Amino acid sequence: MTNTDLASCPTECFQSDVLAGLSQPQKRVPSKYFYDAAGSQLFDAITRLPEYYPTRTELGILRANAVAMAERCGPHCLLIELGAGSLNKVRWLLDRLDHPAAYVPVDVSEDYLVEAAAALVDDYPALNVIPLAADFTRRFQLPQLPAARRVVFFPGSTIGNFDPRQADLLLRRIARLVGLGGGCLLGIDLQKDTSVLEQAYNDSAGVTAAFNRNLLVRINRELGADFDPAAFRHCAFYNRKLSRIEMHLVSEIAQRVHLGRYVFDFRAGESIHTENSYKYDIGEFAGRAAACGIRFDNSWTDPRENFAVLWLTAN
Ligand code: SAH
Ligand code: AVI
């Protein structure tokens, strides 16, 4: 059974966020809304693309260092994963952990979480799996959990999808969630050549474009809008000044879109900003984390230093 805390953010929240975002001079929609069931499946397909290096690189780091990471977690820990997705990465850790008290995968994509958790239970029948459908950017209620040292697992550089102010709030929330002495194993994508970054978000098979456009399909289905997804072009580029990939949907033509009684006009070439993906420097990130009450202790990277997994301790 999946615990859900999404009732506190029903369709009205989605609608008000979309209406507020499309009313800005630079139209925008929060990237967390990519993840309906179709969006989660498209993201899964992205992780297998040759151009999308982050997933396989982070998996390599986890595989190579799982023993050391599990040691940091300690025996009988309570493992909470934020933005858990397919639950694939955690398996490397679970295989090495010493009798974890429970594993709590948290994700906003409820149906996908239910399926992924069921598959995990099949493979780890002795593990106490307590899935929680919740939005970690809002205050969320944890179900009854065993008393144990808490460790947050936050892989994928999902933290990079939040602007620095929101990311700091998330780090503070993680520090509170694990409590004094609790740990956090966190994946961050590192700064690198523009061409490598831009290829990763402009794959030749067009999967990232479909993932981006699926946002409009979801808005049409759930909020009754009349976007023509084919009239919007996928655009992703590296903003070097802000160290982030920006994803946009660019209107190919001048057009009018309806959402309930609201009307939104697009000029040809005008965009909806759909996602940021910040790329970090380990030292800078460590400084920010320290200011949020969670100190940097260690990091593991791949030989090319494309990606890093950090161990942070709440203090
Ligand atoms: N951790 C996985 C998946 C990353 S994709 C990996 O490393 O491959 C990002 C995941 O975070 C998605 O599963 C998405 O549904 C979830 N997510 C994004 N914003 C969220 C939010 N605000 N609250 C909860 N889950 C969120
Ligand atoms: C989940 N997140 C870290 C991915 C990223 O790379 O920013 C989402 C994504 N967007 C486009 N491709 C992948």
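The values are calculated or read from the model by the stated rules, or taken from the named source; none is laboratory data. Bear in mind the structure is a predicted one, so any value in this text is a computation, not a measurement. For neighbour counting, all protein chains shown are included, and Cβ atoms are generated from backbone atoms with ideal geometry for every residue, glycine included. We work out accessible area using only protein heavy atoms, side chains counted, and drop any ligands, DNA or RNA first. Shrake-Rupley method; radii C 1.70, N 1.55, O 1.52, S 1.80 Å.
Observations on the model:
Residues checked against (1) under 16 Å from N3 (Cβ atoms); (2) touching a Cys at 6+ places or on another chain (Cβ under 7 Å); (3) polar (S, T, N, Q); (4) open to solvent by 20 Å² or more (accessible area, probe 1.4 Å):
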{"residue": "H99", "(1), (2), (3), (4)": "no, no, no, yes"}
{"residue": "V104", "(1), (2), (3), (4)": "yes, no, no, no"}
{"residue": "A116", "(1), (2), (3), (4)": "yes, no, no, no"}
{"residue": "A119", "(1), (2), (3), (4)": "no, no, no, yes"}
{"residue": "D123", "(1), (2), (3), (4)": "no, no, no, yes"}
{"residue": "A126", "(1), (2), (3), (4)": "no, no, no, yes"}
{"residue": "I130", "(1), (2), (3), (4)": "yes, no, no, yes"}
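- Residue in the range 181-209 that is surrounded by the fewest Cβ atoms within 10 Å (Cβ to Cβ), counting only those that are within 16 Å of ligand 1 (Cβ to nearest atom) and under 23 Å from G283 (Cα atoms): L190
- The residue list Y262, Y280 contains one member that is touching a residue at least 60 places away in the same chain (Cβ under 8 Å) and within 30 Å of G179 (Cβ to Cβ), which is Y280.
- Helices (runs of 4 or more DSSP H) (entirely within the range 1-89) containing at least 1 residues that are open to solvent by 20 Å² or more (accessible area, probe 1.4 Å) and within 16 Å of ligand 2 (Cβ to nearest atom): 37-47, 53-73
Condition check ((1) in contact with a strand residue (DSSP E or B) (Cβ under 6 Å, 6 or more places away or on another chain); (2) farther than 26 Å from F307 by Cα; (3) of a type in the set (D, E)) across all residues:
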{"position": "V114", "(1), (2), (3)": "no, yes, no"}
{"position": "A119", "(1), (2), (3)": "no, yes, no"}
{"position": "A126", "(1), (2), (3)": "no, yes, no"}
{"position": "A133", "(1), (2), (3)": "yes, yes, no"}
{"position": "P146", "(1), (2), (3)": "yes, yes, no"}
{"position": "R149", "(1), (2), (3)": "no, yes, no"}
{"position": "R165", "(1), (2), (3)": "no, no, no"}
{"position": "G182", "(1), (2), (3)": "yes, no, no"}
{"position": "G187", "(1), (2), (3)": "yes, no, no"}
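- Pair list, Cβ under 6 Å, 6 or more apart: the range 292-303 residue hydrophobic (A, V, I, L, M, F, W, C), other residue modelled with pLDDT under 95 and in a strand (DSSP E or B): none
- Looking only at the range 291-315, and only at residues there that are small (G, A, S) and not in a helix (DSSP H, G or I), the one that is most open to solvent (accessible area, probe 1.4 Å): S299
- Per the listing R288, R256, the residue uniquely closer than 29 Å to N202 by Cβ, touching a residue at least 60 places away in the same chain (Cβ under 8 Å), outside any loop (DSSP other than H, G, I, E, B) and away from ligand 2 (no atom under 16 Å from the Cβ) is R288.
- With respect to the stated conditions, G39 fails to be more than 14 Å from the chain's Cα centre (by Cα) and of a type outside the set (V, I, T).
- Looking across the range 58-84, the residues that are more than 11 Å from ligand 1 (Cβ to nearest atom), in contact (Cβ under 8 Å) with a residue 24 or more places away in the chain and not aliphatic (A, V, I, L, M) come down to G60, R63, N65, R72, C73, G74, P75, H76, C77.
- Given (1) of a type in the set (S, T, N, Q); (2) free of Cβ contacts under 8 Å to residues at least 60 places away in the same chain; (3) more than 26 Å from S86 (Cβ to Cβ), index of the condition Q166 fails: (3)
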